[in-house]
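Please read the structure below before turning to the comments.
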Amino acid sequence: MSSKKDGIMIILSSPSGAGKTTLVKLISKNKNYEISISHTTRKPRENEISGKDYFFINEKDFKDLINKQEFLEHAKVFNNFYGTSIKPVKENLDKGINVIFDIDWQGTQQIKNKKLKYKLITFFVLPPSKEVLFNRLSNRDMKDKLIVEERMKEFKKDVLHWKDYDYVVINDQLEDCLEQIITLIDTDLNKTKNNYNLKLIHEHVEKLIS
Ligand code: 5GP
C-alpha cells in the first residue's frame, strides 16, 4: 500500500517534438518535484549536459545495467536505447518527493504493468498541428533533415498510443498547457471535478492523423 507520505509518479509522453521536455522542466520547478534522469546511448545534442539532461553511456554499459536489473523500464526509441534507473526513483518517492518522467509509450506501459505502490498519473502531450510539429523538429535538428523526416514518419504511429494515458493535453500555448497539467494533477489527487474534454481530444487526434 502506498503511504500518504509517498511521492507520486507523473509520466509525460508524446510524439517527438510536441514540447514535452520543456513541460517536464517547468513542472519540476514546482515544490517537491524531481525529474527522473534517464540513461541513453544517444549522442548528446548541443547544450545537453551529462547527468542533467541524460546520463550518456555506450551500448555495452547500457546492456550491463539491463543485466544487473537496474532499470525500472527501458526501451529502444529511434535506434537508441533509453532507460530509467530504479534506485533514485524509489529513493525520491519514499522521501515523499514527486517524480516526473519524460519517457515514451513503451516505458509507460512497462511502469504501468509493474503496478508499484505509488500513485501514477500519465499524460500524453500532442502538438497543435502537424505543421507546428514539423517546424519544431526542424528548428531543433536543423543540421539533420533525415532525423526530422524519420520522426515525422513515426508521428502517426506514436499518436495512436494516446488512448493508453490518463489525460491527453494539447501543447499550443506552453503556459496554458502547463497550467492544464498542474490542474489535472490537482483534481486527480483531490478527486474533484475538472473540465477535461475527451471528445475534443478525439477530434484533435483525427485531424492530426488525417
Ligand atoms: P530524445 O532523444 O528526443 O531526447 O528522446 C526520444 C524519446 O525517448 C522521447 O520520446 C523520450 O520521451 C523518450 N525517452 C527518454 N528517456 C527515456 C527513458 O528512460 N525510457 C523510455 N522508455 N523512453 C525515454
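Results for (1) within 14 Å of Ile100 (Cα to Cα); (2) surrounded by fewer than 17 Cβ atoms within 10 Å (Cβ to Cβ), shown as yes or no for each residue.
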{"position": "Lys31", "(1), (2)": "yes, yes"}
{"position": "Thr40", "(1), (2)": "no, no"}
{"position": "Pro44", "(1), (2)": "no, yes"}
{"position": "Asn47", "(1), (2)": "no, yes"}
{"position": "Ser50", "(1), (2)": "no, yes"}
{"position": "Glu59", "(1), (2)": "no, yes"}
{"position": "Lys63", "(1), (2)": "no, yes"}
{"position": "Lys76", "(1), (2)": "no, yes"}
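Could you list, in sequence order, all residues of the stretch 12-40 that are within 10 Å of the ligand (Cβ to nearest atom) and in contact with a strand residue (DSSP E or B) (Cβ under 7 Å, 6 or more places away or on another chain)? It would help to see each step written out before you state the result.
Here is the first cut: in the stretch 12-40, the ones within 10 Å of the ligand (Cβ to nearest atom) are 12-18, 20-21, 24, 36-40.
Hits for the stretch 12-40 are Leu12, Ser13, Ser14, Ala18, Lys20, Thr21, Val24, Ser36, Ile37, Ser38, His39, Thr40.
Looking only at residues in the stretch 151-206 that are crowded, with 19+ Cβ neighbours inside 10 Å and in a loop (DSSP other than H, G, I, E, B), which one is nearest to the chain's Cα centre (by Cα)?
Selected residue: Tyr165.
Is the stretch 51-64 home to any residue that is in contact (Cβ under 8 Å) with a residue 24 or more places away in the chain and either more than 15 Å from the ligand (Cβ to nearest atom) or closer than 19 Å to Gln109 by Cα (or both)?
Scanning the stretch 51-64 turns up no residue that is in contact (Cβ under 8 Å) with a residue 24 or more places away in the chain and either more than 15 Å from the ligand (Cβ to nearest atom) or closer than 19 Å to Gln109 by Cα (or both).
How about the stretch 70-102: which of its residues are touching a Leu at 6+ places or on another chain (Cβ under 8 Å), within 8 Å of the ligand (Cβ to nearest atom) and under 19 Å from Asp166 (Cβ atoms)?
Thr84, Phe101, Asp102
Since every read-out is calculated from the coordinates, none of them should be taken as a lab result. None of the values given here were measured: they were computed from a predicted structure. Please note: Cβ atoms are built from the backbone with ideal geometry, for glycine as well, and neighbour counts cover all protein chains shown.
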